[in-house]
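First comes the structure, then the notes that go with it.
The values are calculated or read from the model by the stated rules, or taken from the named source; none is laboratory data. From a predicted model like this one, the values you see are computed outputs, not experimental measurements. Counting neighbours? That spans all protein chains shown, and the Cβs are built from the backbone with ideal geometry, glycine included.
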Amino acid sequence: MATVELRFSAQPEHVRTARLVAAAVARRAGVEEAVLDEVRLAVGEACSRAVGLHRTNGLTAPVRVVLTEEEKVFSIEVSDEVPGPAGGPAAAVPGIDAALDPDTEGEDEMGLAVISGLVDDVEVISGETGGTIRMSWPVSGTSELP
């Protein structure tokens with residue numbers, strides 16, 4: 001299992017870097033070329049959401065992105081440090097209802113709706129120490145990693 005971890009200050013200009021790193025690591029992990037745009041867009045949305053939450057709540061802590069290559073799956077976790085309902089279900093996460101209700105408006109809700117449209121396997125969790133968006137994609141089995 002190969003893992004890449006990226007931490008960046010909650011500034012919008014760093015989201016592009018996170019997208020580029022995610023796409024490069026996904027390509028090396030064996031994610032199909034046709035899916036790389038989805039990876040890039042989903043990571044951009046998740047990172048933008050985390051940056052927005054940090055800035056809105058006055059947090060200076062970095063946003064954390066963990067990219068993990070396993071045998072048959074490539075996964076990405078984007079974590080923020082904005083406290084939410086401890087151990088609450090995904091429905092308790094602010095904005096998750098938008099993924100189910102397209103009539104809901106708001107930047108946070110729109111980001112989650114976009115992510116849920118791009119990624120088949122997505123989980124949004126929240127806790128006392130922050131929230132995490134977990135996304136995963138299948139890999140083709142051939143990795144370019146040495």
Exercise. Is it true that LEU36 is farther than 17 Å from ASP121 by Cα and in a helix (DSSP H, G or I)?
Worked result: no
Seminar exercise, completed: Matching residues in segment 1-33 (assigned to a strand (DSSP E or B) and either over 18 Å from ILE133 (Cα atoms) or free of Cβ contacts under 8 Å to residues at least 60 places away in the same chain (or both)) number 3
Seminar exercise, completed: Taking segment 104-146 and keeping only residues that are modelled with pLDDT of 85 or more, part of a loop (DSSP other than H, G, I, E, B) and closer than 30 Å to GLY30 by Cβ, one is left with VAL119, ASP120, VAL139
